[in-house]
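J.: Mind having a look at this structure? Questions to follow.
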Amino acid sequence: MSERIHAEIVRGWSGEDLARFPAERFRHVGETGSTNDDLLALARSGGAAPFDLFSADFQTRGRGRRGDRWEATPGRNLLFSLALPLGTNVLDGDRHLWPRLPHLTAWIVGSTVESILGPGHRLQAKWPNDLLHEGLKLAGILVEIVLAPQPVAVVGIGLNVNLRHEELPPELRPIATSLYELLGCESSRWFLLGQIVRGFLHHFPEKTADFSPVLDWIRARDFLAGQVLSVRSGREWFEGIARGLGDDGELLLDTRDGTLVRIVSAEEIRRR
Ligand code: BTN
């Protein structure tokens, strides 16, 4: 099954891209616990190679950020995880660039989706790493890092492709959407995955250092800008108005006492 899908993913690719993403890098299964867990295990064993990609039709223990569950109807969506090495390139020893990875991912996935949707559609990027369409969630990103034996980022992406609205659990119906709902027809999951993988082949790791195109794209789609938020980072809660993103992609929060707080990671975000 993986080989047939790989052939669809790379259809029409040039030799150089193909050489960097051969069939051995790709594994698709009908069902697994979580593609992130599978790839994290491989990375911890030292066996993950650059651009190793695990995808599944269905996950029994799909995870979102903060331990949330990520559920999807079998075979409808893209559920995959990609291994990006952090120890053999510009990111080696430059850990302050690592928090830029979710933004790089949102830019690559979001640009791909916008190119499919066409010029009338612009996505929203909800810090730190959700992609929305008119306030409804279309994709989620979960970046997890393994430090040993080699530093590797496992980038997990859930993209609602052919999911029907009525297939969503009732509690998610008011807050989520899919490409199918926006276009009124099915899209090829494997063409989309190919475009996303190519985005990484062309822009990782370079755009983590040359970050302005990514940041400009995200800033132009900043969903939280101007909203009043309560944000929990570690044990502390901050309240204030979101004032866009700093140069490393951190959330800028204008707090009540007039201080501009820079939040690099958050466990909870509540909109007031
Ligand atoms: C979020 O919105 O909180 C992030 C969701 C990330 C879901 C993807 S689906 C593929 C990969 N495997 C997982 O268990 N999670 C990610």
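J.: Out of the residues in region 20-38 that are assigned to a helix (DSSP H, G or I) and in contact (Cβ under 8 Å) with a residue 40 or more places away in the chain, state the one that is farthest from the ligand (Cβ to nearest atom).
T.: Of everything passing the filter in region 20-38, R20 is farthest from the ligand (Cβ to nearest atom).
Here's the yes/no breakdown for (1) modelled with pLDDT under 95; (2) more than 13 Å from the ligand (Cβ to nearest atom); (3) not hydrophobic (A, V, I, L, M, F, W, C):
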{"site": "L123", "(1), (2), (3)": "no, yes, no"}
{"site": "A148", "(1), (2), (3)": "yes, yes, no"}
{"site": "A176", "(1), (2), (3)": "no, no, no"}
{"site": "L193", "(1), (2), (3)": "no, no, no"}
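J.: Select from region 190-200 the residues that are over 20 Å from R122 (Cα atoms) and open to solvent by 30 Å² or more (accessible area, probe 1.4 Å) and list them in ascending order. Steps first, please.
T.: Just the residues of region 190-200 that are over 20 Å from R122 (Cα atoms), to begin with: 190-191, 194, 197-198, 200.
Those that are over 20 Å from R122 (Cα atoms) and open to solvent by 30 Å² or more (accessible area, probe 1.4 Å): F191, R198.
J.: Let me ask you something else. Check D17 against each of (1) open to solvent by less than 30 Å² (accessible area, probe 1.4 Å); (2) more than 13 Å from the ligand (Cβ to nearest atom); (3) closer than 20 Å to Q150 by Cβ; (4) modelled with pLDDT of 95 or more and name the one condition it does not meet.
T.: The failed condition is (3).
J.: Going through region 39-58 one residue at a time, which ones are in contact (Cβ under 8 Å) with a residue 40 or more places away in the chain and surrounded by fewer than 19 Cβ atoms within 10 Å (Cβ to Cβ)? Can you show your working first?
T.: Applying the first criterion (in contact (Cβ under 8 Å) with a residue 40 or more places away in the chain) to region 39-58 yields 39-40, 42-44, 46, 48, 51, 53, 55.
Hits for region 39-58 are R44, G46, F51.
J.: A further question follows. Any idea how many residues of region 48-60 are within 12 Å of the ligand (Cβ to nearest atom) and either under 24 Å from A148 (Cβ atoms) or hydrophobic (A, V, I, L, M, F, W, C) (or both)? Before you say what the answer is, go through the steps one by one.
T.: So in region 48-60, the residues within 12 Å of the ligand (Cβ to nearest atom) come out as 53-60.
Filter once more, keeping what is either under 24 Å from A148 (Cβ atoms) or hydrophobic (A, V, I, L, M, F, W, C) (or both): 53-54, 56, 58.
Total satisfying the criteria: 4.
J.: Output the residues belonging to region 249-261 that are buried (at least 16 other Cβ atoms within 10 Å of the Cβ) and assigned to a loop (DSSP other than H, G, I, E, B).
T.: Matches in region 249-261: G249, E250.
J.: Mind checking which residues of region 1-27 are of a type in the set (S, T, Y) and farther than 16 Å from I196 by Cα? Spell out the reasoning first.
T.: Step one: list which residues in region 1-27 are of a type in the set (S, T, Y), which gives 2, 14.
Selection gives S2 alone.
J.: Would it be correct to say that R219 is surrounded by fewer than 16 Cβ atoms within 10 Å (Cβ to Cβ) and touching a Ser or Thr at 6+ places or on another chain (Cβ under 8 Å)?
T.: Numbers: surrounded by fewer than 16 Cβ atoms within 10 Å (Cβ to Cβ): yes; touching a Ser or Thr at 6+ places or on another chain (Cβ under 8 Å): no.
The answer is no for R219.
The values are calculated or read from the model by the stated rules, or taken from the named source; none is laboratory data. This one's a predicted model, so the numbers in the text were calculated from it and none came from an experiment. Using ideal geometry, Cβ is built from the backbone for each residue, glycine included, and neighbour counts are taken over all protein chains shown. These area figures cover heavy atoms from the full protein model, side chains too; ligands, DNA and RNA do not enter into them. Shrake-Rupley method; radii C 1.70, N 1.55, O 1.52, S 1.80 Å.
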